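Presented below is the structure to which this report refers.
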Amino acid sequence: MISIVLVDDHAMVRQGIRQLLESDDSFAVIGEAESGEAGFRAYFQLQPDVLILDLMLPGESGLATLRRITSRDADARVLVLSMYDDPAIVVRALDNGAKGYISKAAPHNELKAAVEAVAAGAPYVEQNIRDKLHDCTINEQHPSLALTAREFEVFSMLAEGRTVVEIAELLHLSPKTAGAHQTSIMKKLSLKNSAQLVRTAIVWGVAKL
């Protein structure tokens with residue numbers, strides 16, 4: 001039986017994933033967490049076979065949590081389950097130690113296949129995402145390599161048209177902190193305005209027209 005810890009800030013999402021997985025006797029959800037910090041603690045307390053991790057979390061970002069876990073346990077088997085499916089974010093997650101990556105739009109049977117593969121120590125990336133990675137060239141100029149995990153989250157949300165106030169609320173940050181992240185992003189990427197930010201995001205596949 002594969003033991004699993006779920007990390008997602010939406011209780012209904014966790015409940016749905018739990019019900020889906022536990023409908024099969026091969027899986028057992030032994031813990032849940034609604035934040036990155038709680039997920040980090042749960043992983044080392046419960047030692048699951050697989051940690052299923054969302055990237056959009058309040059407080060510490062999912063990418064930061066992933067990096068903390070894998071830096072302490074290089075053998076950690078983390079499966080990212082995220083609303084994001086663009087190559088930039090996928091590559092960032094895999095570079096930070098994720099063993100697998102699927103989107104929340106994936107079929108139910110693909111989630112089970114991903115958990116089984118990651119538990120066995122095999123990498124797993126959803127087919128639709130693999131196709132996108134194949135078509136996308138990512139090099140040293142990619143903004144995901146210039147920004148911190150939190151900055152990249154803010155960058156993605158700004159590219160979606162969200163305001164600093166909205167981002168602060170979604171990420172449980174103060175508007176001042178979210179604004180500071182925006183300023184740092186603009187400086188690091190040599191952007192002068194929001195239009196340039198959106199264009200950069202579109203060029204690199206972080207946002208869509």
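The values are calculated or read from the model by the stated rules, or taken from the named source; none is laboratory data. These numbers come from a predicted model, not from an experiment. Cβ coordinates were reconstructed from backbone atoms using ideal geometry, including for glycine residues, and neighbour counts include every protein chain displayed.
Here are the numbers:
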| item | result |
| --- | --- |
| Answer residue from segment 105-132, given it is of a type in the set (Lys, Arg) and touching a residue at least 40 places away in the same chain (Cβ under 8 Å) and is nearest to VAL80 (Cα to Cα) among those | LYS112 |
| Within segment 189-206, tally of residues that are closer than 21 Å to ASP86 by Cα and either surrounded by 13 or more Cβ atoms within 10 Å (Cβ to Cβ) or touching a helix residue (DSSP H, G or I) at 6+ places or on another chain (Cβ under 9 Å) (or both) | 12 |
| Subset tally (residues that are closer than 15 Å to ASP49 by Cβ and out of contact with any strand residue (DSSP E or B) (no Cβ under 7 Å at 6 or more places or on another chain)) for segment 77-112 | 1 |
| Residues of segment 44-55 satisfying the condition of being in contact (Cβ under 8 Å) with a residue 60 or more places away in the chain and in contact with a Phe, Trp or Tyr (Cβ under 8 Å, 6 or more places away or on another chain) | LEU55 |
| SER26 touching a strand residue (DSSP E or B) at 6+ places or on another chain (Cβ under 9 Å) and within 16 Å of ILE69 (Cβ to Cβ) | no |
| The one condition in (1) touching a helix residue (DSSP H, G or I) at 6+ places or on another chain (Cβ under 7 Å); (2) farther than 30 Å from GLU169 by Cα; (3) crowded, with 18+ Cβ neighbours inside 10 Å that ILE102 fails to fulfil | (2) |
| Filter result for LEU173 (assigned to a helix (DSSP H, G or I), crowded, with 19+ Cβ neighbours inside 10 Å and at pLDDT below 90) | no |
| The listed residue being in contact (Cβ under 8 Å) with a residue 60 or more places away in the chain and either over 21 Å from PRO123 (Cβ atoms) or in the same structural domain as LEU170 (by TED's automatic domain parsing) (or both), out of ASP8, ASP25 | ASP8 |
| Residue match in segment 46-61 (condition: among the β-branched types (Val, Ile, Thr), closer than 26 Å to LEU173 by Cα, buried (at least 19 other Cβ atoms within 10 Å of the Cβ) and modelled with pLDDT of 95 or more) | yes |
